[in-house]
Amino acid sequence: MFPLRDTIPSSHRPVITWAIIATNIFAFLATQGMDWRAELEFFHLWGVVPARFLYPEWAAWHGYPDSAALALITHMFLHSGWMHIIANMWTMWVFADNVEDVMGPVRFLLFYLCCGLLALGAHLALNMNSTVPVVGASGAIAGVMGAYFHLYPQARVVTFVPILFIPMLFELPAVLFLGLWFLSQVFSGMLAGPEGGGVAWWAHIGGFVAGMFLVRWFIHPAR
């Protein structure tokens, strides 16, 4: 399933949503001229390597710089391939404007970053020894999806579903689309195990749950 658009119009310009998408695209394009060694080093420095944060002695032995806190934020703006960034940014485009609409730009930015950090925490809790860099906005975007699930369960999501190689479009209730998406993440995470086979399934799960519960604290009273 892939969301194409939703049916809820926005009342305000989603300036932070646009800015986050633009920043992700810029960061992705900036890495495209790198050879694979330079890109890998870049991801190790600006992505989150769990062992780097949880085992400082190991990190020092392997030459990681002492200052690593910024990577907790920068990892949300890095992507490893075209499909990775296209899927994330399109999903952000579909769901984030309506969530920003009820929060306002400042609260939405804080909400987005909080969801990304909590999603990362879920991944770190299950992958303490991993030396694979975590990059991508999907944990934070999962938080946006969790907030949308809470705010707009009766909205409709126009969804692309390939059935026996035939492209089909369905207009699904948001509660159904997002509920199925969440269950697919749980199923995939359990099937793949903690390391996820290269996908941070538990970050998606953690981000979605965080967004669903945090949203009420970020809604702007005037909106």
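The values are calculated or read from the model by the stated rules, or taken from the named source; none is laboratory data. This one's a predicted model, so the numbers in the text were calculated from it and none came from an experiment. Cβ coordinates were reconstructed from backbone atoms using ideal geometry, including for glycine residues, and neighbour counts include every protein chain displayed.
Right, residue 7: of a type in the set (S, T, N, Q) and in contact with a strand residue (DSSP E or B) (Cβ under 8 Å, 6 or more places away or on another chain) or not?
Working: of a type in the set (S, T, N, Q): yes; in contact with a strand residue (DSSP E or B) (Cβ under 8 Å, 6 or more places away or on another chain): yes.
For residue 7, the condition - of a type in the set (S, T, N, Q) and in contact with a strand residue (DSSP E or B) (Cβ under 8 Å, 6 or more places away or on another chain) - is met.
So, of the residues in the range 192-223 that are in a helix (DSSP H, G or I), surrounded by fewer than 17 Cβ atoms within 10 Å (Cβ to Cβ) and of a type outside the set (Lys, Arg), which turns out to be modelled with the lowest pLDDT? Outline the logic, then answer.
Of all residues in the range 192-223, those in a helix (DSSP H, G or I) come to 192, 196-198, 201-218.
Filter once more, keeping what is surrounded by fewer than 17 Cβ atoms within 10 Å (Cβ to Cβ): 192, 197-198, 213, 216-217.
Keeping just the survivors that are of a type outside the set (Lys, Arg) gives 192, 197-198, 213, 217.
On the way: 192: 77, 197: 63, 198: 74, 213: 97, 217: 96.
Result: 197.
In the range 1-39, how many residues are among the hydrophobic types (A, V, I, L, M, F, W, C) and either touching a residue at least 24 places away in the same chain (Cβ under 8 Å) or touching a Phe, Trp or Tyr at 6+ places or on another chain (Cβ under 6 Å) (or both)?
Step one: of the range 1-39, the residues among the hydrophobic types (A, V, I, L, M, F, W, C) are 1-2, 4, 8, 15-16, 18-22, 25-30, 34, 36, 38.
Narrowing the set further to residues that are either touching a residue at least 24 places away in the same chain (Cβ under 8 Å) or touching a Phe, Trp or Tyr at 6+ places or on another chain (Cβ under 6 Å) (or both) leaves 1-2, 4, 8, 15-16, 20-21, 25, 27-28.
So the answer is 11.
Going by what's in this entry, would residue 34 be described as under 14 Å from the mean Cα position of the chain (by Cα) and of a type in the set (A, V, I, L, M)?
Values: under 14 Å from the mean Cα position of the chain (by Cα): no; of a type in the set (A, V, I, L, M): yes.
No: the conditions fail for residue 34.
Being of a type outside the set (Gly, Ala, Ser) and in contact with a strand residue (DSSP E or B) (Cβ under 9 Å, 6 or more places away or on another chain) is true for just one of 175, 135, 186, 144. Which residue is that? Before the answer, list the steps.
Working: 175 fails: in contact with a strand residue (DSSP E or B) (Cβ under 9 Å, 6 or more places away or on another chain); 186 fails: in contact with a strand residue (DSSP E or B) (Cβ under 9 Å, 6 or more places away or on another chain); 144 fails: in contact with a strand residue (DSSP E or B) (Cβ under 9 Å, 6 or more places away or on another chain).
Answer to the selection: 135.
Kindly indicate whether residue 189 is closer than 30 Å to residue 39 by Cβ, without any contact (Cβ under 8 Å) to a residue 40 or more places away in the chain, in contact with a helix residue (DSSP H, G or I) (Cβ under 7 Å, 6 or more places away or on another chain) and surrounded by 14 or more Cβ atoms within 10 Å (Cβ to Cβ). Don't jump to the end; show me each part of the working.
Numbers: closer than 30 Å to residue 39 by Cβ: yes; without any contact (Cβ under 8 Å) to a residue 40 or more places away in the chain: yes; in contact with a helix residue (DSSP H, G or I) (Cβ under 7 Å, 6 or more places away or on another chain): yes; surrounded by 14 or more Cβ atoms within 10 Å (Cβ to Cβ): yes.
The answer is yes for residue 189.
Name every residue in the range 45-81 that is over 17 Å from residue 128 (Cβ atoms), touching a Phe, Trp or Tyr at 6+ places or on another chain (Cβ under 8 Å), surrounded by fewer than 19 Cβ atoms within 10 Å (Cβ to Cβ) and not polar (S, T, N, Q), in order of residue number.
Answer for the range 45-81, where residues must be over 17 Å from residue 128 (Cβ atoms), touching a Phe, Trp or Tyr at 6+ places or on another chain (Cβ under 8 Å), surrounded by fewer than 19 Cβ atoms within 10 Å (Cβ to Cβ) and not polar (S, T, N, Q): 45, 70.
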